[in-house]
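For reference, the structure discussed in these notes is given below.
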Amino acid sequence: MKKRAELLAQRIEEGAATLADFARGLSAREWRTVVRPDGRTVGVIVHHVASVYPIEVHLAMVVANGNAVTDVTWDAVAEMNGKHAAENTNATKEETLELLVRNSQAAADAVRAFTDEQLDRAAPFSLNAGAPLTAQFVIEDHALRHSWHHLAKIKMALATGKTAVLAATQQ
């Protein structure tokens with residue numbers, strides 16, 4: 001058993017499950033809440049997290065195989081995210097959560113297959129100014145962190161929205 005890969009996979013699963021559990025409890029209004037300054041709705045962001053697991057694991061595998069990632073830039077990410085948002089504005093909570101479960105599980109399973117040698121391998125990574133990053137860092141900074149990052153932003157947006165609604169009703 002590859003302990004490091006297993007632990008990484010378990011943390012991917014934990015993050016996805018935490019995001020899914022939170023999203024399941026959202027009302028229809030909360031699902032459609034716009035997250036500022038992002039501009040996407042909560043539902044679109046959850047769908048985004050679910051849909052990019054295959055890309056994130058692919059990039060980690062590129063690095064694990066000793067190859068540089070040269071074509072991923074923040075502009076390319078912004079373009080991809082904008083296209084995704086436009087195409088998935090009406091994604092339902094049910095289909096989004098199914099995608100989140102399916103893709104996070106596939107990502108975790110793929111990460112379980114990494115060897116320690118692959119996790120330790122580093123290659124230039126264009127999203128981080130060409131810094132030579134290890135495959136483990138790419139996994140941690142993308143597939144693993146992504147659900148936690150967006151969940152925090154969603155919670156903040158919903159809390160801010162509730163505060164604004166509460167203040168307006170008290171006046």
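Only the coordinates and a few stated rules stand behind these numbers; no lab work does. Predicted model only: the values in this text are computed from it and were never measured. Positions of Cβ are backbone-derived with ideal geometry, glycine not excepted, and every protein chain shown enters the neighbour counts.
So the values come out like this:
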| quantity | calculated |
| --- | --- |
| Size descriptor, Kirkwood hydrodynamic radius, that averages inverse alpha-carbon separations across region 1-45, Å | 12.2 |
| Alpha-carbon Rg with Dmax, taken over region 83-147, Å | 15.0, 42 |
| Cα-based radius of gyration of the chain once divided by 2.2 N^0.38 Å, which approximates compact folds | 1.11 |
| Most mobile of Ala64, Ala113, Ala122 in a GNM of the chain (Cα contacts under 10 Å) | Ala113 |
| The chain, helix-only ellipticity at 222 nm - DSSP H runs n ≥ 4, -39,500 (n - 2.57), divided by all residues, nearest 500 | -22500 deg cm²/dmol |
| Helix runs (DSSP H) in the chain reaching 24 Å along axis by Cα, Kyte-Doolittle at least 1.0 | 42-64 |
| Positive minus negative residues near Gln10 (Lys, Arg vs Asp, Glu; Cβ under 15 Å) | +1 |
| Kirkwood Rh in Å, taken over all unlike Cα pairs in region 1-85 | 15.0 |
